[in-house]
Amino acid sequence: GQSLEQPSEVTAVEGAIVQINCTYQTSGFYGLSWYQQHDGGAPTFLSYNALDGLEETGRFSSFLSRSDSYGYLLLQELQMKDSASYFCAVREGGKLIFGQGTELSVKP
Amino acid sequence: SQTIHQWPATLVQPVGSPLSLECTVEGTSNPNLYWYRQAAGRGLQLLFYSVGIGQISSEVPQNLSASRPQDRQFILSSKKLLLSDSGFYLCAWSVTGSGNEQFFGPGTRLTVL
């Protein structure tokens, strides 16, 4: 089976940079994905890493190290609207296994 | 463009009553379809997924069932709801053969009393 670990909560101030880590155990690896979910809303896809390295999309970047079974989501120039839960996920066959989520609180 | 619809948005049901939640996808063909449940403040628990009409994989033993009567329609059902069935139910789709990028519907918040 697969399991993922990520911190339950992270707090940062507006304008800062925050990193949300994710470690995983998997019997087969097809990539690490990240999703954002605002309170009461549906998750939305942020990024996907299949290979080692950094993928950048605007203020958000995602990193993967397959040898370490580790990845992170980096959020720069934090804004109040970034307050949300962030989930990492790994694929097992045709389905995704999600971590328990990290609740990010951005303070003024 | 592709869109995914779920209804109803909220639902309050008594224990022992039946349930039917519907999800439809537009703008794509032969998608993979998924049902998730999310308890308050928790992660997403995959309940069922489907790679085609009539093909349903169940992830956890539970009081629920799923059906896919048409290519872009996915239905979650129960004959008798339990208190523990309360939660936020999310339908999602992905491109056939992939699954890393899933697109979620707006969800149904179910309260069983």
Residues (open to solvent by 40 Å² or more (accessible area, probe 1.4 Å) and either assigned to a strand (DSSP E or B) or among the hydrophobic types (A, V, I, L, M, F, W, C) (or both)) located in region A:76-86:
A:Met80
Close pairs from region B:88-113: first closer than 20 Å to B:Gly41 by Cβ and within 7 Å of another protein chain (Cβ to nearest Cβ), partner open to solvent by 10 Å² or more (accessible area, probe 1.4 Å) and assigned to a loop (DSSP other than H, G, I, E, B), Cβ under 8 Å, at least 6 apart:
B:Leu90/A:Ala42; B:Phe104/A:Ala42; B:Pro106/A:Gly41; B:Pro106/A:Ala42; B:Pro106/B:Ala9; B:Gly107/A:Gly41; B:Gly107/A:Ala42; B:Gly107/B:Ala9
List every residue pair whose Cβ atoms lie under 6 Å apart, where the two residues are 6 or more positions apart in sequence or sit on different chains, the first residue falls within region B:38-64 and is more than 10 Å from every other protein chain (Cβ to nearest Cβ), and the second residue, located anywhere, is crowded, with 17+ Cβ neighbours inside 10 Å and of a type in the set (Ser, Thr, Tyr).
B:Ile56/B:Ser50; B:Asn63/B:Ser78; B:Leu64/B:Ser78
Would you please name the residue that is nearest to B:Tyr34 (Cα to Cα), looking only at residues in region A:87-108 that are in contact with an Asp or Glu (Cβ under 8 Å, 6 or more places away or on another chain) and part of a strand (DSSP E or B)?
A:Lys95
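Could you tell me how many of the residues in region B:98-109 are open to solvent by 70 Å² or more (accessible area, probe 1.4 Å) and closer than 26 Å to A:Gly28 by Cα?
2
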Tell me, please, whether a residue that is away from chain B (no Cβ under 14 Å), touching a Leu at 6+ places or on another chain (Cβ under 7 Å), open to solvent by less than 40 Å² (accessible area, probe 1.4 Å) and assigned to a loop (DSSP other than H, G, I, E, B) can be found in region A:9-22.
yes
For A:Ser65, work out the one condition from (1) out of contact with any strand residue (DSSP E or B) (no Cβ under 6 Å at 6 or more places or on another chain); (2) open to solvent by 40 Å² or more (accessible area, probe 1.4 Å) it doesn't fulfil.
(2)
Mind listing just one residue for me: the one in region A:23-41 that is closer than 16 Å to A:Ala84 by Cβ and open to solvent by 30 Å² or more (accessible area, probe 1.4 Å) and, of those, farthest from the other protein chains (Cβ to nearest Cβ)?
A:His38
What is the one condition in (1) in a strand (DSSP E or B); (2) out of contact with any Leu (no Cβ under 8 Å at 6 or more places or on another chain); (3) at pLDDT 95 or above; (4) of a type outside the set (Asp, Glu) that A:Leu73 does not satisfy?
(2)
Enumeration of residues in region A:65-108 that are within 14 Å of chain B (Cβ to nearest Cβ), among the small types (Gly, Ala, Ser) and under 21 Å from A:Gln25 (Cα atoms)
A:Gly71, A:Ala89, A:Gly93, A:Gly94, A:Gly99, A:Gly101
Within region B:72-97, the residues that are over 15 Å from B:Tyr36 (Cα atoms) and open to solvent by 40 Å² or more (accessible area, probe 1.4 Å) are B:Arg72, B:Lys79, B:Lys80, B:Leu82, B:Leu83, B:Val95, B:Thr96, B:Gly97
Restricting to region B:16-63, give me the number of residues that are open to solvent by 20 Å² or more (accessible area, probe 1.4 Å) and not in a strand (DSSP E or B).
17
So which pairs qualify, if the first residue must be in region B:16-32 and without any contact (Cβ under 8 Å) to a residue 60 or more places away in the chain, the second must be among the hydroxyl-bearing types (Ser, Thr, Tyr) and part of a strand (DSSP E or B), the Cβ gap must be under 7 Å, and the two must be at least 6 apart or on different chains?
B:Ser20/B:Ser77; B:Glu26/B:Thr3; B:Gly27/B:Thr3
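The values are calculated or read from the model by the stated rules, or taken from the named source; none is laboratory data. These numbers come from a predicted model, not from an experiment. For neighbour counting, all protein chains shown are included, and Cβ atoms are generated from backbone atoms with ideal geometry for every residue, glycine included. To get the accessible areas, we keep the full protein, side chains included, count just its heavy atoms, and leave off ligands, DNA and RNA. Shrake-Rupley method; radii C 1.70, N 1.55, O 1.52, S 1.80 Å.
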